[in-house]
Amino acid sequence: MTNPIADMEKAEVILLTGTNTTENHPVIAAYIKRAVQFKGTKLIVVDPRRIKMAAFAEQWLRPYPGTDVAWLNGLMHVIIKENLHDKEFIANRCEDFEALAKSVEAFTPEYVQNLTGIPAQDLIQAARLYAGAKVASIVYCMGITQHVSGTDNVKALANLAMLCGHLGVEGGGVNPLRGQNNVQGACDMGGLPNVFTGYQPVTDGANVKKMEEAWQVTGLSTKVGLTVTEMIPKAHSGEIKALYIVGENPLISDADVNHVEKSIAHLDFLVVQDIFMTETAQMAHVVLPSLCFAEKDGTFSNTERKVQRIRKAVDGPGSAKTDWEIICAISRKMGYAMNYASSREIFEEIARVTPSYGGITYERIEHEGLHWPCPTKDHPGTKILHTAQFTRGKGKFHAIAFVPPAEKTDAEYPLILTTGRVLYHYHTGTMTRKSEGLNERAPECFIEMAKADAEKYGVKAGAVATIASRRGEIKAKVKISETAVAGTVFLPFHFVEASANKLTNAALDPISKIPEFKVCAVKVLA
Amino acid sequence: MNKPNIIVINGQEYLFTPGETILTVARRNNVDIPTLCHMKNATPTGACRMCVVEVQGARSLMAACTVPAGPNMVVRTESELIAKARRMIIELMLTSGNHEDCLVCPATGDCRLQELAYKYQIKAGRFPKTKSRYDLEAVNPFIIRNFSKCLACGRCVQACNEVQVNTAIDFGYRGARTKIITKGDRTLKDSDCVFCGECIQVCPVGALIPKDAYKKARICDTKSVRSTCTYCGVGCQVNLHVKNNEVQHITGRGDAAPNFGSLCVKGRFGFDFIAAKERLKTPLIKENGAFREASWDEAIGLVAERLSAIKAKHGADSLGVLTSARISNEENYVVQKFARAVLKTNNVDHCARL
Ligand code: SF4
Ligand code: SF4
Ligand code: SF4
């Protein structure tokens with residue numbers, strides 16, 4: 001997030017898209033609901049489903065799934081045409097405005113209505129609302145990124161915020177909500193194939209030299225590595241021989257799990273380090289037991305870039321160890337002396353090699369966390385990004401072309417399927433499904449559909465239906481809901497026994513390599 | 001000329017900003033005025049009247065939580081008159097409903113009414129006891145509503161409507177029959193309640209308690225450890241309440257951003273997994289298609305040997321490492337360092353894309 005969570009109550013307008021906030025980020029949803037209810041903030045919700053937040057919205061726009069670039073370009077078209085853009089901000093802080101203006105020229109409200117189904121008048125009104133606000137915030141989540149056009153969608157959102165000067169100010173910004181507790185931290189720490197900690201590219205000789213010195217090694221690879229969505233198919237084709245998986249369950253969370261399972265079976269060697277015997281761990285050659293958040297010291301970085309402490313409260317089960325102790329032991333066995341006495345000592349090393357974490361210490365975050373970048377010990381942390389300039393200097397507008405979703409509906413597969421989470425479960429359910437209470441509230445998989453669709457395809461509420469895509473089929477109970485809009489159905493992906501990802505499409509965004517979870521064509525049979 | 005914004009409390013002068021209540025000014029300056037229904041950041045209701053103070057020139061005692069501070073106002077926060085009024089309120093609360101079983105109440109030691117009764121040294125039973133009109137409700141997985149202990153202070157209503165904005169509960173049946181109800185007075189299970197538990201956290205007594213409270217240690221008997229929620233990226237700040245090497249309860253930390261006490265159903269109630277019997281306890285090695293237990297030495301040795309062998313035969317880039325959005329920064333750092341410095345590959349990623 002460019003802005004802290006608490007800023008949401010300071011926004012005049014919030015544009016919320018691709019996030020079912022009340023289910024996935026309930027405490028942030030509360031901030032937004034309070035802003036609307038008590039602070040006069042106006043909310044624009046753009047979502048194909050009638051999510052709960054729509055009830056709080058001034059305007060709910062309902063695009064066809066996978067048409068985000070079209071309506072975003074449409075908003076910008078209207079803003080430029082009506083001269084509502086922030087000329088001063090654009091002149092001082094941005095570049096390539098002309099290219100953007102040209103690229104959105106064709107996206108008239110009428111054209112956008114054809115592509116997205118959003119009535120022209122609604123689009124115009126939303127554009128005026130967002131651009132007319134003194135400060136406006138954009139909040140988004142996986143609904144925006146899990147598309148073949150995910151990277152484009154994010155760029156288009158940034159274009160929109162820059163166009164109106166809603167960046168670098170309190171209450172503004174472009175604010176992605178991170179799904180898992182430490183996604184931000186995993187990225188910050190270099191858990192990515194192209195960068196070391198703090199997004200220092202592995203292809204830059206100076207960074208490599210710095211790390212070689214810090215780690216006292218030679219011969220670090222300068223070649224960008226593979227993403228998870230590339231590793232799995234390469235396991236199938238034999239280029240990847242061994243995988244070491246820590247705390248992940250790609251067998252449920254990955255798009256097109258049938259293929260994942262086959263790929264993993266091809267490996268010569270699989271190690272899984274986890275707290276439970278997950279579906280992925282079942283396939284491993286060696287399983288190593290690790291400790292959960294309540295059993296160890298350390299830090300998580302939340303969605304607003306705030307580095308916060310976790311503390312050991314209880315001893316773990318059996319002989320389970322922290323993930324870092326296990327990895328260090330293997331390193332030593334392989335001839336590299338990785339020795340740390342505590343998580344604090346590791347954190348000190350992180351601060352030494354990571355400029356944006358340089359000023360953070362356990363002492364400083366004892367009571368409350370700090371937002372990175374925090375380069376020095378006397379730096380107060382950075383709550384709002386881009387206040388004076390962008391990371392690269394000037395903010396660059398990117399002309400974004402509209403690419404329709406990779407998979408289309410047809411006579412055989414007439415419905416669009418989107419996937420996501422429900423309030424009572426988390427991700428692949430490994431943890432939440434151990435709770436009787438959470439299971440009682442959400443015991444099984446369901447397919448959520450509009451009444452009209454249920455009637456059309458002859459399925460009844462509460463009956464078990466078969467949902468089939470071009471890749472596989474599963475069974476789930478039919479739930480007829482106001483949330484669903486005719487033509488689109490929704491499945492949660494927490495349930496092993498009816499894994500939504502057996503249906504989804506593994507087509508990847510060419511840059512982020514994120515699979516298109518949000519759109520695939522299905523049919524529903526009684 | 002404008003009057004200076006100075007108020008006198010217990011003989012001391014304090015500055016205030018117009019619009020601030022007497023209570024706000026007093027709290028800011030560490031002057032203790034007891035409250036029960038008052039909730040920071042919510043509309044003051046003046047329901048419990050515990051915060052009454054004497055204001056010079058006023059005919060009766062005033063509720064400090066609702067009366068705005070005024071220029072040259074002179075306020076006393078403790079006096080015989082005030083103590084008498086507060087005693088009366090506490091006595092009435094103690095006799096309305098069932099507050100005589102503190103010994104077996106999960107809220108003991110964490111109960112505002114108990115605390116106030118102690119402060120003003122009040123024993124239950126001066127007034128005739130009134131029987132509770134409403135039965136206990138426990139037909140949902142998370143929350144017990146024990147109406148016999150409800151003071152109708154309204155904190156839960158404010159928490160639900162003004163903090164979490166779930167609008168699941170409100171006051172119903174006014175007067176002596178007052179009850180906190182859902183729409184249509186249905187059970188929580190069939191209401192708009194999403195079981196965030198905010199109402200439990202703000203309830204000053206034992207009228208709202210977690211479903212499994214009777215099986216767990218009381219909060220006052222636990223050690224509290226500050227931490228961060230392990231579920232979503234909001235990173236809510238929590239207290240883990242621990243006894244006998246087990247997490248007994250999780251509550252929101254009221255004194256820290258981003259959540260200031262709020263949590264959601266997963267963060268507050270979804271911690272059974274920590275002590276689940278299915279937790280992995282020892283390394284496992286697969287042999288002939290089945291797992292067998294192994295020592296750490298053996299398992300680590302095997303992993304090191306196999307990774308080294310595959311690397312020697314097929315090159316470093318035939319190895320891949322998936323780190324995790326679930327583990328700590330320190331662990332992520334060590335995992336990527338392992339991939340890069342030991343295995344010598346940049347094939348390291350995590351499942352954030354998924
Ligand atoms: S648990 Fe949450 S939603 Fe339910 S009544 Fe309490 S505050 Fe309201
Ligand atoms: S349930 Fe608790 S918080 Fe709600 S009105 Fe009764 S005593 Fe107050
Ligand atoms: S309590 Fe709920 S909203 Fe807060 S971090 Fe945990 S899962 Fe997220």
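Per residue of chain A, what 222 nm ellipticity follows from adding -39500 (n - 2.57) for every DSSP H run with n ≥ 4, rounded to the nearest 500?
Working: 19 runs with 163 residues, N = 526.
-8500 deg cm²/dmol, from helical runs alone.
Place +1 on the Cβ of every Lys and Arg and -1 on the Cβ of every Asp and Glu in the protein assembly as shown, take the dipole about the Cα centre, and give the residue among A:Gly198, B:Gln114, A:Ala461 whose Cα lies farthest towards its positive end.
Looking along the dipole axis, the top candidate is B:Gln114.
Report, for the range A:415-525, the % of DSSP beta bridges that are antiparallel, rounded to 5. Show your work: numbers first, answer last.
Details: 14 of 23 bridges.
Of all bridge pairs located within the range A:415-525, approximately 60 percent are antiparallel.
Under a 5 Å amide H to amide H cut-off, with H placed in plane at 1.01 Å, what residues pair with A:Ile275 once short-range neighbours are removed?
Excluding prolines and chain starts, which carry no amide H, the hits are A:Ser290.
Report, ordered by chain and residue number, the lysines lying within cross-link reach of B:Lys311, taken as a straight Cα distance under 17 Å and ignoring same-chain residues fewer than 8 apart.
A:Lys223, A:Lys234, A:Lys241, A:Lys333, B:Lys337, B:Lys344
Where Lys and Arg each count +1 and Asp and Glu each count -1, what net charge lies around A:Asp86 among other residues with Cβ under 11 Å from its Cβ?
+2
Taking loop as defined by DSSP and a crowding limit of 13 other beta carbons within 10 Å, which chymotrypsin sites (Phe, Trp or Tyr not before Pro) in the range A:211-279 fit? Provide the component values of the computation, followed by the final result.
On the way: sites: A:Trp215, A:Tyr244, A:Phe269, A:Phe276; in loops: A:Phe276.
Qualifying residues, ordered by number: none.
For chain A, state what percent of all Cα-Cα pairs lands in each successive 20 Å bin, counting from 0 Å until the bin that includes the largest distance.
Binned Cα distances yield the sequence 20, 55, 25, 0.
I'd like the interface area for chains A and B: accessible area of each alone minus the complex, both sides summed, 1.4 Å probe, protein heavy atoms only. What is it in Å² to the nearest 100? Kindly include the intermediate steps, with their values, before the conclusion.
Details: alone 23830 and 21140 Å², together 33920 Å².
Between A and B, the summed buried area is about 11000 Å².
Pop a pseudo-label 7 angstrom from the Cα along the beta-carbon direction at both A:Glu170 and A:Val464 and give the gap in nm to one decimal.
Distance between the two pseudo-spin positions: 5.7 nm.
Along the Cα→Cβ direction, 7 angstrom out, place labels at A:Lys39 and B:Asn10. What is the inter-label distance in nm?
Calculated label separation equals 3.4 nm.
Quick one: which of A:326-332, B:187-193 comes out on top by average Cβ neighbours within 10 Å, and what's the full order, highest first?
Values: A:326-332: 22.1, B:187-193: 16.9.
Going from most to least packed, we get A:326-332, B:187-193.
Exceeding 32 Å between C-alpha atoms, which entries from my cross-link table qualify? They are A:Lys434/B:Lys286; A:Lys52/B:Lys179; A:Lys134/B:Lys266.
Correct reply: A:Lys134/B:Lys266.
Measuring from label point to label point, each 7 Å out along Cα→Cβ, what is the A:Asn92 to A:Ala452 span in nm?
It is 4.9 nm.
Using a 1.4 Å probe on the protein heavy atoms, what percent of the accessible area of chain B belongs to carbon and sulfur? Intermediate values should be presented prior to the final figure.
Working: 8000 of 15330 Å².
Of all accessible area on chain B, carbon and sulfur atoms account for 52 percent.
Taking every pair of distinct Cα atoms and averaging 1/r, then inverting, what Kirkwood hydrodynamic radius in Å comes out for the range A:5-177? Walk me through the numbers before you get to the answer.
Values: mean 1/r = 0.0635 Å⁻¹.
Answer for the range A:5-177: a Kirkwood hydrodynamic radius of 15.8 Å.
List, in order, the whole-Hz ³J(HN,Hα) value for each residue of the range B:133-143 obtained from phi through the Karplus relation with A = 6.51, B = -1.76, C = 1.60 and θ = phi - 60°; use x for Gly and Pro.
So the Karplus estimates, Gly and Pro as x, are 7, 10, 6, 4, 10, 9, 8, 9, x, 10, 10 Hz.
Which of the GluC sites (Glu not before Pro) found in the range A:396-438 are in a DSSP loop and have at most 15 neighbouring Cβ atoms, other than their own, within 10 Å?
Counting only loop positions with at most 15 other Cβ atoms within 10 Å, the GluC sites (Glu not before Pro) in the range A:396-438 are A:Glu412.
Work out the mean other chain Cβ neighbour count within 10 Å for the residues of B:281-289 and drop it here as an integer. Working shown, then result.
Details: counts 6, 7, 10, 9, 4, 7, 1, 0, 0.
Mean shielding count: 5.
At a temperature of 4 °C and a viscosity of 1.567 mPa s, determine how fast the range A:415-525 diffuses translationally according to Stokes-Einstein, using the Kirkwood radius over alpha-carbon pairs as Rh; express D in µm²/s, rounded to the nearest whole number. Intermediate values should be presented prior to the final figure.
Details: Rh = 14.3 Å.
The Stokes-Einstein estimate is 90 µm²/s.
So what's the net charge close to B:Ala83: Lys and Arg +1, Asp and Glu -1, counting the other residues with Cβ under 13 Å from its Cβ? Numbers along the way, then the final one.
On the way: positive: B:Arg76, B:Lys84, B:Arg86, B:Arg87, B:Lys119; negative: B:Glu54, B:Glu78, B:Glu80, B:Glu91.
Combined, the nearby Lys, Arg, Asp and Glu give +1.
Quick check on packing: order A:493-503, B:289-299 by the mean number of other C-beta atoms within 10 Å, highest mean leading.
Numbers: A:493-503: 22.3, B:289-299: 13.3.
Sorting A:493-503, B:289-299 by mean packing, highest first, produces A:493-503, B:289-299.
Which value results for Rg/Rh of chain B when Rg is the Cα radius of gyration and Rh the Kirkwood radius based on the inverse mean 1/r?
Working: Rg = 27.6 Å, Rh = 24.5 Å.
Answer for chain B: 1.13.
For the range B:6-78, take the convex hull of the Cα atoms, compute a quarter of its surface area, and give me that in nm², please. Don't skip to the end; give the middle numbers.
Numbers: hull surface 17.8 nm².
Here the figure is 4.5 nm², rounded to one decimal.
What are the aspartates and glutamates whose alpha-carbon lies under 16 Å from the alpha-carbon of B:Lys211, with same-chain residues fewer than 8 places away excluded?
Hits, sequence-local ones excluded: A:Glu436, A:Glu440, B:Asp135, B:Glu137, B:Glu198, B:Asp272.
How big is the equivalent ellipsoid of the protein assembly as shown along its three axes, where each semi-axis is √(5λ) from the Cα gyration tensor, reported in whole Å from largest to smallest? Walk me through the numbers on the way to the answer.
Numbers: eigenvalues 427, 226, 174 Å².
Taking √(5λ) for each Cα gyration eigenvalue gives 46, 34, 30 Å.
Within 10 Å of each Cβ in A:427-435, how many Cβ atoms from other chains are there, averaged over the peptide?
Working: counts 6, 2, 0, 3, 10, 8, 4, 10, 10.
Other-chain Cβ atoms within 10 Å of each residue's Cβ, averaged: 6.
Would you mind checking which residues have amide H under 5 Å from A:Ile447's amide H? H placed 1.01 Å from N; only 5 or more apart, or other chain.
Distant-sequence amide H within range of A:Ile447: A:Lys477, A:Val478, A:Lys479.
Hey, if you put +1 on the Cβ of every Lys and Arg and -1 on every Asp and Glu Cβ in the range B:5-135, which of B:Pro44, B:Leu92, B:Thr24 ends up farthest toward the positive end of that dipole?
The residue sitting farthest along the positive end of the dipole is B:Leu92.
Before I look further, what does the protein assembly as shown give for accessible area per residue, probe 1.4 Å, in whole square angstrom?
On the way: 33920 Å² over 880 residues.
Dividing the accessible area of the protein assembly as shown by its residue count gives 39 Å².
Name the residues whose placed amide hydrogens come within less than 5 Å of the amide hydrogen of B:Val238, ignoring near sequence neighbours (fewer than 5 apart) on the same chain.
B:Ser227, B:Thr228, B:Cys229, B:Arg253
Give me the net charge of A:Arg128's neighbourhood, meaning all other residues with Cβ under 12 Å from the Cβ of A:Arg128; Lys, Arg count +1, Asp, Glu -1.
Working: positive: A:Lys42, A:Lys81; negative: A:Glu58, A:Glu82, A:Asp122.
Residues close to A:Arg128 contribute a combined charge of -1.
Using the Kirkwood radius over C-alpha pairs as Rh, can you work out the diffusion coefficient of the range B:315-354 via Stokes-Einstein at 25 °C, viscosity 0.890 mPa s, in µm² per second?
Working: Rh = 10.3 Å.
Rounded, D is 239 µm²/s.
With n ≥ 4 as the cut-off for DSSP H runs, can you work out [θ] at 222 nm for chain B, using -39500 (n - 2.57) per run divided by the number of residues, rounded to the nearest 500?
Values: 8 runs with 73 residues, N = 354.
Calculated from helices alone, the mean residue ellipticity at 222 nm is -6000 deg cm²/dmol.
Sticking to Cα atoms, compute the Rg of the range B:198-340 to one decimal and its Dmax as the biggest Cα-Cα distance, whole number, in Å.
Rg, Dmax (Cα atoms, Å): 21.0, 67.
The values are calculated or read from the model by the stated rules, or taken from the named source; none is laboratory data. Model, not experiment: these values are computed from the prediction. Please note: Cβ atoms are built from the backbone with ideal geometry, for glycine as well, and neighbour counts cover all protein chains shown. All accessible areas refer to the heavy atoms of the entire protein, side chains included, with ligands and DNA or RNA removed. Shrake-Rupley method; radii C 1.70, N 1.55, O 1.52, S 1.80 Å.
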